[in-house]
Amino acid sequence: MANHSLAFEKPIVELENKLQELRAFSEAQNIDVSAELVELEKKISETKRNIFQNLTPWDEVQLARHPQRPYTLDYVEAMCTDFIELHGDRHYADDQAMVGGFARLDNEPVMILGTQKGRDVKSNVARNFGMAYPEGYRKALRLMKLAAKHACPILTLIDTAGAFPGIGGEERHVAEAIAVNLRELFLLPVPIIVTIIGEGGSGGALGIGVGDRILILEHSYYSVISPEGCAAILWKDRAFASQAATALKLTSKDLFKAGLVDEIVPEPLGGAHTDPKAMAATLKQRLLTNLRELKAVPADVLLRQRYDKFRAMGVFETEAVGG
Amino acid sequence: MRLFDRKKYTSIKVRKKDLPSGLWVKCPDCNEIVYKHEIDEGKGVCPKCAFHFQISSQERLALLINADTFQEWDADLASADPLQFTGQVSYAAKLVENRKKSALKDAVLCGQGQMGPFTVALGIMNFNFLGGSMGSVVGEKITRLFERALADRLPVIIVCATGGARMYEGLFSLMQMAKTSAAVARHGQAGLPFISVLTHPSTAGVMASFATLGDIIMAEPKALIGFAGPRVIKETTREDIPKGFQRSEFVLKHGLIDMIVQRKDMTSTLICLLGYMTPSAEANAQRPTPNAERPM
Ligand SMILES: [Zn+2]
């Protein structure tokens, strides 16, 4: 796989290349450069820290979309054992942009599901770039109801630009599929933990985004509209996407501050893609901790708290009538 | 085959600049120039093609609810600016502009009234206020509508007219989809009916929440109904958009809605349906007036 790097990652990549060259040189020439290596490594982590302390919201969006970022099935593989993938919505198709099945997380049975992007042209065609059709949302609901039937907690992983906007999706009513999921997720009497692992794109994300805990990986975003879409409408030009990204307050920190997510899961310095194993280990621990807490809550309390959690979201004023 | 002939209209080509402003309007559906008075007389329906124009919330209320029986709920809720959103125009400025333009505080009017023999909880969305978009106020008012209807055991009717979520409120607006759907779930679990009426246009975020969760979904003729806009679909897929795509007739054919109802038949159809879905009209009429103290 080609090594992609984002514009703001370039200084890091250059230093890392230099480090490798120096190592190769020292091996080939049998010259001790350990002092220089230490110096260079220090410089790399300093540069990383500098860059990652000053990321703009638009940089965060780029990281969330990084082509090497771990995807849903990467996390399933790294965190779970005994994963049995389940297919199809029993009505129309098996949407490969939405994957899921039973798995064990530290031996705990869970239903784990999420949107799935592809890594290359071929898999992206199959996965529709992680943008699900109505059948994807209906498949997700089928699996979640199955989980509830067997008292199995649900973990959803979200990484999608949104539900796919296409003629077929409209003919099969993607809006209705998402709406039904929202309604039904409030009625499933098992713990649901939602994690935004990359892109949290609007209704397509929310369609599997109702739960008792909402986690977000540090360099993910979650937004009502894509920055490009927002820029096209409000600035009449998609080129203003970075301004729109700032205005939308879509970063993990902004969302945490607004009380719209419960937890930010820290990423390795440099982003999840620089150390997917460490990322998966961190996420696994966070999921297990939350799972343990939620499993101790009686089902009726769980459902009431889930309702209250979303019930409290919104900011408005009360004004004197006629004023 | 048609059994009876339709009334024929002669259409006259008129140039736009020849039109005295305010007296004539161009129908967006058939492109005919229509005398505005004629549209108003016909409850906002194009006399040439039966396209249903948007009407004001007050006009809608007058069509649906018995005179002098409407009590507005939550009239005091007004939008805040949680993101301090600034683009080319700030949200604060947009709110001021839209309040002035529409004489409304936000994009939905909620309350309780008599529809024929039934007491109903009614929400009327207005496209004139920021495209009928759902921000925190719309989400809160719709949620309270369902919660009060649940407490007072009332059916809910919502007339939708919306372009989706209100992006100026960022993720707060997206979460209104979840919040309102949760309220629909509780109301429905108590066995109470919810009828969703889709008018032109009803799209995006609101459609992906309460608007498509009606026990009955009806639409006015020729309304644009869907999730993604036709322009976005065309840009994304490069597919040709079929004729009549995302119109009421299209979504009826594809199984989303129960029926298409002309505006003039709307109230009688709703009353007829409520007759099947609520306790008897007498029982409903004898029901004590809801207590002033209601849970929030
Ligand atoms: Zn017309």
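The values are calculated or read from the model by the stated rules, or taken from the named source; none is laboratory data. Everything quoted here is computed from the prediction, not taken from an experiment. Note: ideal-geometry Cβ built from the backbone for every residue, glycine included; neighbour counts use all protein chains shown. Surface areas here come from the heavy atoms of the whole protein model, side chains and all, with no ligands, DNA or RNA. Shrake-Rupley method; radii C 1.70, N 1.55, O 1.52, S 1.80 Å.
The table below gives the values:
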{"quantity": "Extended-chain gain in nm, criterion 0.36 nm per residue less alpha-carbon gap, A:Asn54 and A:Leu146", "calculated": "28.7 nm"}
{"quantity": "Distance violations [Cα-Cα > 23 Å] among A:Lys249/B:Lys179; A:Lys139/A:Lys309; A:Lys236/B:Lys94", "calculated": "A:Lys139/A:Lys309"}
{"quantity": "Virtual spin-label span in nm between B:Gln262 and A:Glu317, 7 Å along Cα→Cβ", "calculated": "4.6 nm"}
{"quantity": "Within the accessible area of chain A (1.4 Å probe), percent carbon and sulfur", "calculated": "53 percent"}
{"quantity": "Residue-normalised accessible area of region B:54-285, expressed per residue, 1.4 Å probe, Å²", "calculated": "34 Å²"}
{"quantity": "Computed [θ] at 222 nm, deg cm²/dmol, the protein assembly as shown (DSSP H ≥ 4; -39,500 (n - 2.57); rounded to nearest 500)", "calculated": "-12000 deg cm²/dmol"}
{"quantity": "Estimated inter-spin distance, A:Thr81 and A:Gln305, nm [label 7 Å along Cα→Cβ]", "calculated": "2.9 nm"}
{"quantity": "Whole-number accessible area per residue in Å² for chain A, which is evaluated in the context of all protein chains at 1.4 Å", "calculated": "43 Å²"}
{"quantity": "Principal-axis tilt of helix A:174-185 within chain A, Cα atoms, nearest 10 degrees", "calculated": "80 degrees"}
{"quantity": "Region A:61-311: C-alpha gyration tensor shape, a/c 1.5 cut-off, then a/b vs b/c", "calculated": "rounded"}
{"quantity": "3J(HN,Hα) from dihedral phi, region A:253-265, Karplus parametrisation 6.51/-1.76/1.60, rounded to Hz, x for glycine, proline", "calculated": "5, 4, 5, 5, 4, 7, x, 8, 10, 8, 8, 9, 8"}
{"quantity": "Cα gyration tensor, chain B - rounded (a/c under 1.5), prolate or oblate", "calculated": "oblate"}
{"quantity": "Karplus-derived HN-Hα couplings along region B:54-61 (A = 6.51, B = -1.76, C = 1.60, θ = phi - 60°), whole Hz, x at Gly and Pro", "calculated": "5, 10, 6, 4, 5, 4, 4, 4"}
{"quantity": "Of all DSSP beta bridges in the protein assembly as shown, antiparallel share, percent nearest 5", "calculated": "45 percent"}
{"quantity": "Order by protection proxy (mean Cβ within 10 Å, highest first), peptides A:180-187, B:91-98, B:75-82, A:214-221", "calculated": "A:214-221, A:180-187, B:75-82, B:91-98"}
{"quantity": "Average beta carbon contacts from partner chains per residue of B:227-233, 10 Å cutoff", "calculated": "6"}
{"quantity": "At R0 = 41 Å, FRET efficiency that the Cβ-Cβ distance of B:Glu97 and A:Arg90 yields, to 0.05", "calculated": "0.25"}
{"quantity": "10 Å Cβ neighbours from other chains, averaged over peptide A:160-171", "calculated": "6"}
{"quantity": "Interface A:B - total buried accessible surface [probe 1.4 Å, Å², rounded to 100]", "calculated": "5000 Å²"}
{"quantity": "Cα-Cα over 22 Å, subset of A:Lys149/A:Lys295; A:Lys253/B:Lys141; A:Lys48/A:Lys277; B:Lys36/B:Lys105", "calculated": "A:Lys253/B:Lys141; B:Lys36/B:Lys105"}
{"quantity": "Exercise: per-residue mean of other protein chain Cβ atoms within 10 Å, B:182-188", "calculated": "5"}
{"quantity": "Residues in region B:42-83 that, when all protein chains are in place, have 40 Å² or more less accessible area than the chain alone would give (probe 1.4 Å)", "calculated": "B:Asp76, B:Ala78, B:Ala80, B:Leu83"}
{"quantity": "Among A:118-127, A:63-72, B:99-108, the order from most to least packed when residues are scored by Cβ within 10 Å on average", "calculated": "A:63-72, B:99-108, A:118-127"}
{"quantity": "Accessible area of chain B belonging to carbon and sulfur atoms, whole % at 1.4 Å probe", "calculated": "52 percent"}
